[in-house]
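The values are calculated or read from the model by the stated rules, or taken from the named source; none is laboratory data. Bear in mind the structure is a predicted one, so any value in this text is a computation, not a measurement. Every residue, glycine as well, gets a Cβ built from its backbone with ideal geometry; the counts of neighbours run over all protein chains shown. Note: accessible area is taken over every heavy atom of the protein model, side chains too, but ligands, DNA and RNA are not part of it. Shrake-Rupley method; radii C 1.70, N 1.55, O 1.52, S 1.80 Å.
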Amino acid sequence: MKPLLAVIILLITFTACKKEVEEVKQNEEKKVDHSGMMVHKPWIRPASTGTNTAFFGTIMNHTDVNDTLLSASFEGAEVVEIHETYMKEEDMMGMRRIEFIAIEENSAFKLKPRSFHIMLIKLKEDLAIGDKKSVTLNFKHSGEIKVEAEVKDMPGGDEMDHSHH
Ligand SMILES: [Cu+2]
């Protein structure tokens, strides 16, 4: 074998090997993304200063421990509460504060309009469509999870959830 050819073959082998290693690395990073406690598609409905709005998203507990959402915080609101929506009277929905939300191990819990949500009360600033806002959820086991939420109108599909049940 000519020396040049040997070098080329060596180079090709080396490059292929390196690529494989990178792919394994990427897969591991993907795995990390889906471990622990996370919030999928977090969003906030737009609202102006002084009014109330809410934070939504799917809380995913990828751990093997039952966990509990104890509280949430958001710098742009004077008060932040965990809320549930309930049937106040016939055909009349109301909402009220609850102390916590239990999220079982390896399960998801959806915060969505007309259901459970994080209430952002008395906004200190305008929340306009396209803004990105940081909200922190505080869990009993997982501790504080910081989430970057997008301010946007109710996404299609989510709103229609009630009609499917
Ligand atoms: Cu509420």
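Residue pairs whose Cβ atoms lie under 7 Å apart, separated by 6 or more positions or on different chains, with the first residue in the range 52-65 and outside any loop (DSSP other than H, G, I, E, B) and the second hydroxyl-bearing (Ser, Thr, Tyr), are Asn61/Ser107. All conditions in (1) farther than 30 Å from Lys152 by Cα; (2) at pLDDT below 75; (3) surrounded by 10 or more Cβ atoms within 10 Å (Cβ to Cβ) hold for His34, with the sole exception of (1).
Number of residues in the range 114-134 that are under 15 Å from the mean Cα position of the chain (by Cα) and either open to solvent by 50 Å² or more (accessible area, probe 1.4 Å) or farther than 17 Å from Ile145 by Cα (or both): the value is 2. Among the residues of the range 61-104, those identified as open to solvent by 80 Å² or more (accessible area, probe 1.4 Å) and within 11 Å of the ligand (Cβ to nearest atom) are Met93, Met95, Arg96, Arg97.
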